[in-house]
Amino acid sequence: MQSVPGPTPRGGDVVKRHGLMTRLWHWLNAIAVTVMLMSGLMIFNAHPRLYWGHYGANPDPAWLDLSQVNGGIPFPGAVTIPTDYSLADARLWHLAFAWPLAAALCGYLVWALLSGRLRREIVPTPRDLAPRNLRDDIAEHARLRFPTGAAALRYGVLQRLAYSAVLLILLPGMVLTGLAMSPAMDAGWPWLVDLLGGRQSARSVHFLCAAALVGFVAVHLAMVALSGPINGMRAMLSGRYRLPLEAEQAE
Amino acid sequence: MILTRRSLIGIGAAGAGGLLLSGCDRLNANGTFRQGMKSAEGLTMRAQRLVMGDALAREFGPGEMSPDFRVNGNARVEDAAYRAALASGFAGWALRVDGLVQRPLTLGLDALKRLPQRAQITRHDCVEGWSAIGKWQGPQLGPVLAAAGLLPDARYVVFHCADRFGDKPYYESIDLIDAFHPQTILAWAMNDAPLSEAHGAPLRLRVERQLGYKHAKYVMRIELRATLTGLYGGKGGYWEDNGDYAWYAGI
């Protein structure tokens, strides 16, 4: 929260929720991650097998083999860019949108670190991670009860864990495992591909991180839909958020 | 009220999805948009070359090789002259080096074997996503080009191949930075045996910091050129011309 009208904001108040940097980064990601995912699924279609180690091809054992699914094209045109099979065109999209995705991630990470937002609002505090707090937040989510009033100004521990995982693990993981699949980068930064256990391991981890991101987006969209989609959408577009009414106010 | 909102969101999401897909296909076919995405290729090449400089691709030990190296692209060459040369063990065959050189060369297989040799166990990365590790041996390309003597206008090294896709001959090209890289060799041996037909006998290019389709098989002639314009489709390679794959394939 940037600014709050009055000393103690309460349900019904409209407050400044998301800063400009966060909103810009969010929507750039919404576009870039969607394009990367859909073009990435097309690239996966070109060789729908995953391996561990430095090498891996058809004669080698694969830990995931979707080459018999859907006539050898496991991901249908409805979820790929482009719709019709084209590895070259998917690579054109993937390797073009990778630049703004990676640049914005680096920029946002630096900004979030220097501005203190990362520590204050995103990374869970020890108190957040206390077992009782974790249990309560899980229970509230399971009942689809979301924070109201002033409590809605602060991310809960599950939100903090999810956003930290995306910002600090999954998105950097996508970029680094993507780079580790590049033969040129492997010459320049051999430590990166070795750290990941080889190019085929990097490709597997790239795919697993993408799957985790899909899981995050699905839960994220569901939570937005359940916790007031119009208000949430407005907060991410204009920055202004109406604090949900507290129970005693609603009565 | 809630149902209406939910169904509205559902319709909105489906509509957005449909728009997104058809919109992406339309953008994919839009020349200006494609050109914009293609500008990332030059950015990637410059950035990667800045990062890697002259660094060598990782070389592996004999125990780390793929047990079975996948064959890709053409596995057989139909050209009658090639088949006759293959039958004679390439006894009368010779590689031509011409174009923008001071002294066009004709190098038989024995002459290529008499040049100083480089052997390297490297990872071959296909654009489709798989990798295989094999051992390659042959003379470095740099000294061969130096022996021919490059004319000042020479910028690209074009590899003319004996294989065809339909009526179109395979060819590839690299620039002088990759041509004079120490690991760029004209391999006549793979895994300590003369190249098999399937892997590109009698000679294939190894350009280790780029993807597999750059590693032209069945190399018959090396031509030095000032520009790629005017040669076949003008994009510097069979897959570049016919699939719109990137000319720079470092990622």
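The values are calculated or read from the model by the stated rules, or taken from the named source; none is laboratory data. Quick caveat: nothing in here was measured; it's all calculated off a predicted structure. Every residue, glycine among them, receives a Cβ derived from its backbone with ideal geometry; neighbour counts consider all protein chains shown. Each accessible area value is taken on the protein alone, full model and side chains, heavy atoms only, with ligands, DNA and RNA left out. Shrake-Rupley method; radii C 1.70, N 1.55, O 1.52, S 1.80 Å.
Restricted to the range B:45-77, and to residues there that are touching a strand residue (DSSP E or B) at 6+ places or on another chain (Cβ under 7 Å) and more than 14 Å from chain A (Cβ to nearest Cβ), the residue that is most open to solvent (accessible area, probe 1.4 Å) is B:Asn74. Across the range B:179-238, the number of residues qualifying as in a loop (DSSP other than H, G, I, E, B) and of a type in the set (Gly, Ala, Ser) comes to 11. Could you list, in sequence order, all residues of the range A:35-93 that are in contact with an Asp or Glu (Cβ under 6 Å, 6 or more places away or on another chain) and basic (Lys, Arg)? Within the range A:35-93, A:Arg49 is the sole residue that qualifies.
Taking the residues in the range B:141-166 that are open to solvent by 40 Å² or more (accessible area, probe 1.4 Å), under 15 Å from B:Leu105 (Cα atoms) and in contact (Cβ under 8 Å) with a residue 40 or more places away in the chain as candidates, determine which candidate is farthest from the other protein chains (Cβ to nearest Cβ).
B:Leu151
Number of residues in the range B:207-251 that are under 21 Å from B:Leu43 (Cα atoms) and charged (D, E, K, R): the value is 7.
Take the conditions (1) of a type outside the set (A, V, I, L, M, F, W, C); (2) more than 14 Å from chain B (Cβ to nearest Cβ); (3) open to solvent by less than 50 Å² (accessible area, probe 1.4 Å); (4) in a helix (DSSP H, G or I); A:His94 misses just one of them, which is (2). Looking at this structure, is B:Pro169 assigned to a loop (DSSP other than H, G, I, E, B) and away from chain A (no Cβ under 14 Å)? So B:Pro169 does not fit the description; no.
Taking the criterion of being closer than 21 Å to A:Gly40 by Cβ, of a type in the set (A, V, I, L, M, F, W, C) and out of contact with any helix residue (DSSP H, G or I) (no Cβ under 6 Å at 6 or more places or on another chain), the residues of the range A:211-241 that qualify are A:Ala211, A:Val214, A:Val217, A:Ala218, A:Val219, A:Leu221.
Conditions (1) within 30 Å of B:Asp244 (Cβ to Cβ); (2) more than 20 Å from the chain's Cα centre (by Cα); (3) aromatic (Phe, Trp, Tyr), marked per residue:
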{"site": "B:Leu27", "(1), (2), (3)": "yes, yes, no"}
{"site": "B:Gly31", "(1), (2), (3)": "yes, yes, no"}
{"site": "B:Arg34", "(1), (2), (3)": "yes, yes, no"}
{"site": "B:Gly42", "(1), (2), (3)": "yes, no, no"}
{"site": "B:Arg49", "(1), (2), (3)": "yes, no, no"}
{"site": "B:Met52", "(1), (2), (3)": "yes, no, no"}
{"site": "B:Leu56", "(1), (2), (3)": "no, no, no"}
{"site": "B:Glu59", "(1), (2), (3)": "no, no, no"}
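Of the residues A:Ser164, A:Ser204, which is in contact (Cβ under 8 Å) with a residue 40 or more places away in the chain and more than 14 Å from the chain's Cα centre (by Cα)? Of the residues listed, the single one that is in contact (Cβ under 8 Å) with a residue 40 or more places away in the chain and more than 14 Å from the chain's Cα centre (by Cα) is A:Ser204.
What do you reckon, is A:Ala222 within 16 Å of the chain's Cα centre (by Cα), of a type in the set (Gly, Ala, Ser) and open to solvent by 50 Å² or more (accessible area, probe 1.4 Å)? Working first, answer last.
Numbers: within 16 Å of the chain's Cα centre (by Cα): yes; of a type in the set (Gly, Ala, Ser): yes; open to solvent by 50 Å² or more (accessible area, probe 1.4 Å): no.
Considered against the rule, which asks whether it is within 16 Å of the chain's Cα centre (by Cα), of a type in the set (Gly, Ala, Ser) and open to solvent by 50 Å² or more (accessible area, probe 1.4 Å), A:Ala222 comes out as no.
Scanning the range A:48-88 for residues that are without any contact (Cβ under 8 Å) to a residue 12 or more places away in the chain and either in a loop (DSSP other than H, G, I, E, B) or crowded, with 21+ Cβ neighbours inside 10 Å (or both) returns A:Ala57, A:Asn58, A:Pro59, A:Asp60, A:Pro61, A:Gln68, A:Pro76, A:Thr83, A:Asp84. Hey, could you check the range A:8-47 for residues that are open to solvent by less than 40 Å² (accessible area, probe 1.4 Å) and touching a strand residue (DSSP E or B) at 6+ places or on another chain (Cβ under 9 Å) and say which is nearest to the other protein chains (Cβ to nearest Cβ)? Residue satisfying both the conditions and the ranking: A:Phe44. Taking every residue in the range A:125-147 that is in contact (Cβ under 8 Å) with a residue 40 or more places away in the chain and pairing it with any residue that is open to solvent by 60 Å² or more (accessible area, probe 1.4 Å) and in a loop (DSSP other than H, G, I, E, B), at least 6 positions away or on another chain, the pairs with Cβ-Cβ distances below 9 Å are A:Pro147/A:Arg154. The condition of being aromatic (Phe, Trp, Tyr) and assigned to a helix (DSSP H, G or I) holds for only one of B:Phe60, B:Phe33, B:Phe90, B:Phe69, that being B:Phe33.
For every residue, the table says whether it meets (1) more than 21 Å from B:Asp98 (Cβ to Cβ); (2) open to solvent by 10 Å² or more (accessible area, probe 1.4 Å).
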position: B:Ala179; (1), (2): no, no
position: B:Asn191; (1), (2): yes, yes
position: B:Lys217; (1), (2): no, yes
position: B:Lys235; (1), (2): yes, yes
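Would you check if A:Asn70 is at pLDDT below 95 and within 24 Å of B:Trp130 (Cα to Cα)? Taking the combined requirement at face value, the residue satisfies it. Can we say A:Ala225 is out of contact with any His (no Cβ under 7 Å at 6 or more places or on another chain) and of a type in the set (A, V, I, L, M, F, W, C)? Against the criterion (out of contact with any His (no Cβ under 7 Å at 6 or more places or on another chain) and of a type in the set (A, V, I, L, M, F, W, C)), A:Ala225 qualifies. Considered as a group, the residues in the range A:182-197 that are within 23 Å of the chain's Cα centre (by Cα) and open to solvent by less than 30 Å² (accessible area, probe 1.4 Å) include one that is nearest to the other protein chains (Cβ to nearest Cβ), and that residue is A:Ser182.
Scan the range A:102-117 for residues that are touching a helix residue (DSSP H, G or I) at 6+ places or on another chain (Cβ under 9 Å), assigned to a helix (DSSP H, G or I) and over 16 Å from A:Gly178 (Cβ atoms) and the total you get is 7.
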